[in-house]
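The values are calculated or read from the model by the stated rules, or taken from the named source; none is laboratory data. This one's a predicted model, so the numbers in the text were calculated from it and none came from an experiment. Quick reminder, even Gly has a Cβ in these numbers, built from the backbone with ideal geometry, and neighbours come from all protein chains shown.
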Amino acid sequence: MSADSGRSGKVVKRSVVISGHRTSVSLEEAFWGALKNIAASDGVSLAGLVAQVDAERGDANLSSALRVFALERAQTQSPER
């Protein structure tokens, strides 16, 4: 395990505004980084991406929905797919 692995697994709580309401989301640093990269490649803000996932998540917890979203995007971008 590298020294960076410990940091990327650290849970970070961030405040985001979704549909005019402030909420906080706790995710590991690695997921925040992945979501920032996805937002940049999609040409949207991180808050906009979070709002998009929130609108499509159904009954899922927002943090879990964001993790699954990031994982699914990574899988569709991987060379094996």
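Taken over region 13-39, residues that are surrounded by fewer than 13 Cβ atoms within 10 Å (Cβ to Cβ) and farther than 18 Å from ASP54 by Cα amount to 0. Pairing residues of region 43-57 that are touching a residue at least 12 places away in the same chain (Cβ under 8 Å) and part of a helix (DSSP H, G or I) with residues that are buried (at least 16 other Cβ atoms within 10 Å of the Cβ) and aromatic (Phe, Trp, Tyr), at Cβ distances under 7 Å and at least 6 apart in sequence or on separate chains, gives VAL53/PHE69.
On the basis of being within 17 Å of SER24 (Cβ to Cβ) and small (Gly, Ala, Ser), does SER64 make the cut? Explain how you work it out, then say what you get.
Numbers: within 17 Å of SER24 (Cβ to Cβ): yes; small (Gly, Ala, Ser): yes.
Taking the combined requirement at face value, the residue satisfies it.
Mind listing just one residue for me: the one in region 63-81 that is modelled with pLDDT under 95 and part of a helix (DSSP H, G or I) and, of those, surrounded by the fewest Cβ atoms within 10 Å (Cβ to Cβ)? Among residues in region 63-81 that are modelled with pLDDT under 95 and part of a helix (DSSP H, G or I), the one surrounded by the fewest Cβ atoms within 10 Å (Cβ to Cβ) is THR76.
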